[in-house]
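**Q** I'd like to ask you about the structure that follows.
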Amino acid sequence: MKPPVNQWRRAAAWLFAALLFLALGACGEQDPNAGVYLCTEVTVGEDTVRPEKLYNGEVRLTLVTGGRGVLRLGEYEGELRWRVEDGALRVEINGTACPGTLADGEIRLDLLGEGVVLTLLREDLAAALPTPTAQPALLTGIAGDWYGWWQIENAEGAMPETWYDCCASCVPTEDGALLTLWDEMGSRAEPMGALALTGDGEALSASGGWFWFETVEEGALTVSFADGVLTVSGRHDAEGERFAFRILLRPWGADWTDTDETPYSYRFWYRPLIEAGEAMPDRIQQVLER
């Protein structure tokens, strides 16, 4: 399907803006902080993730002399303004301030002030970094996109006893993997939970993270991965709501015709997307709105 005309216009506008930034940078004295900075890791709470896994592509920050710049997050790119005062980096994106620091070629930037911290190194320093160490086989096996359902049982409070379609993304971290979960009421950017997983090569466990507004303590959830099926189960007890839950996931693209535990909307939107060769949506609702 061809992209709409306005997308081509936006692409042309970005190209013009980039050329303008280069032209501005060529005039006058070069700012020593200007340059291209490559993201080496993203920190969310206590979890550290490789940027290309979280944003499905390269993350880079270009600072141009004169206080303008461009931030690329995977396939998305946007303009920004910046300045450095006594080591404090001030970045403004669409009128929103992003606090950070810049020293010795390293930037730490709190993206939109939401606690998602990008660590970026000047291009020459990033090139000198060693290759990341390999993940254990079990954690490597669960990396990727997942689809299935999650079920609520024995509920006390406002939550009904029901089940929902569920998507998930599992990406490697320095200490294990991060499993991000969302159903049709949320999205990849606004998940219902993010679990820090660890494994010893034979078994998985949730060592931290959060689920449904509640911090997950180590050992509080049961996690298993067998025969291509990833399951998580536990209890939720916070803010007057109590319920048991179970999450069952298979890799995106898997066939569910061999089981009676088929997700509710499996035939409604999942199968058509798989047959069309489409990737997992960042928001289930965007598929339902088509």
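**Q** Looking only at segment 220-236, which residues have a backbone nitrogen under 18 Å from a spot 7 Å from the Cα of E156 in the C-beta direction?
**A** What the label zone holds, given the 18 Å backbone N cut-off, is 234-236.
**Q** So for the chain, considering every pair of alpha-carbon atoms, how many percent are separated by more than 30 Å?
**A** Numbers: 17541 of 41905 pairs.
When every Cα pair of the chain is considered, 42 percent fall beyond 30 Å.
**Q** Kindly write out, for segment 115-126 in residue order, the coupling ³J(HN,Hα) from the Karplus curve 6.51 cos²θ - 1.76 cosθ + 1.60 (θ = phi - 60°), rounded to whole Hz, with x marking Gly and Pro.
**A** 3J(HN,Hα) across segment 115-126, in whole Hz: x, 9, 9, 8, 9, 10, 10, 3, 3, 5, 6, 5.
**Q** With θ set to phi - 60° and the Karplus curve 6.51 cos²θ - 1.76 cosθ + 1.60, what are the ³J(HN,Hα) couplings of segment 76-83 in order, to the nearest whole Hz, using x for Gly and Pro?
**A** Running phi through 6.51 cos²θ - 1.76 cosθ + 1.60 with θ = phi - 60° gives 9, 9, x, 6, 7, 10, 8, 7 Hz.
**Q** Whose amide H sits under 5 Å from the amide H of E184, counting only residues 5 or more places off or on another chain, with H placed in the peptide plane?
**A** Correct list: D165.
**Q** Okay, moving on. Can you give me the % of accessible surface on segment 206-290 that is carbon or sulfur? Probe 1.4 Å, all protein chains present, nothing else counted.
**A** Working: 2220 of 4850 Å².
Summing carbon and sulfur atoms, their accessible area is 46 percent of the total for segment 206-290.
**Q** Round to a whole angstrom and tell me the spacing of the C-alpha centers of segment 237-290 and segment 46-78.
**A** Measuring centre to centre over Cα atoms gives 29 Å.
**Q** Apply the Karplus parameterisation 6.51 cos²θ - 1.76 cosθ + 1.60, with θ equal to phi minus 60°, to every residue of segment 214-228 and state each ³J(HN,Hα) to the nearest whole Hz, in sequence, with x for glycine and proline.
**A** Ordered by residue, 3J(HN,Hα) equals 10, 5, 9, 7, 4, x, 6, 10, 9, 10, 9, 9, 8, 6, x Hz.
**Q** Quick one: angle between helix 5-25 and the longest Cα principal axis of the chain, in degrees between 0 and 90, rounded to 10, please.
**A** With both axes taken from Cα atoms, the answer is about 40 degrees.
**Q** Turning to a different aspect of this structure: At 222 nm, what value in deg cm²/dmol follows for the chain if DSSP H runs of at least 4 each add -39500 (n - 2.57) and the sum is divided by all its residues, to the nearest 500? Working shown, then result.
**A** Details: 6 runs with 47 residues, N = 290.
-4500 deg cm²/dmol, from helical runs alone.
**Q** Mind checking the log10 I(q)/I(0) for segment 135-289 at q = 0.09 Å⁻¹? Debye, one equal scatterer per Cα, no solvent, two decimals.
**A** -0.27
**Q** At 1.4 Å probe radius, can you tell me the per residue accessible area of the chain in Å²?
**A** Numbers: 16080 Å² over 290 residues.
On a per-residue basis, the chain sits at 55 Å².
**Q** While we're here: Using DSSP to define loop residues, name the GluC sites (Glu not before Pro) in segment 238-290 whose beta-carbon has at most 16 other beta-carbon atoms within 10 Å.
**A** Numbers: sites: E239, E241, E261, E275, E278, E289; in loops: E239, E261, E278, E289.
Listed in order of number, the matching sites are E239, E261, E278, E289.
**Q** Check which residues have an amide H placed less than 5 Å from W252's amide H, if you skip close sequence neighbours.
**A** D145, W146, Y147
The values are calculated or read from the model by the stated rules, or taken from the named source; none is laboratory data. Remember, it's a predicted structure, so these values are computed and weren't measured experimentally. Counting neighbours? That spans all protein chains shown, and the Cβs are built from the backbone with ideal geometry, glycine included. Only protein heavy atoms, including side chains, enter the accessible area calculation; ligands, DNA and RNA are left aside. Shrake-Rupley method; radii C 1.70, N 1.55, O 1.52, S 1.80 Å.
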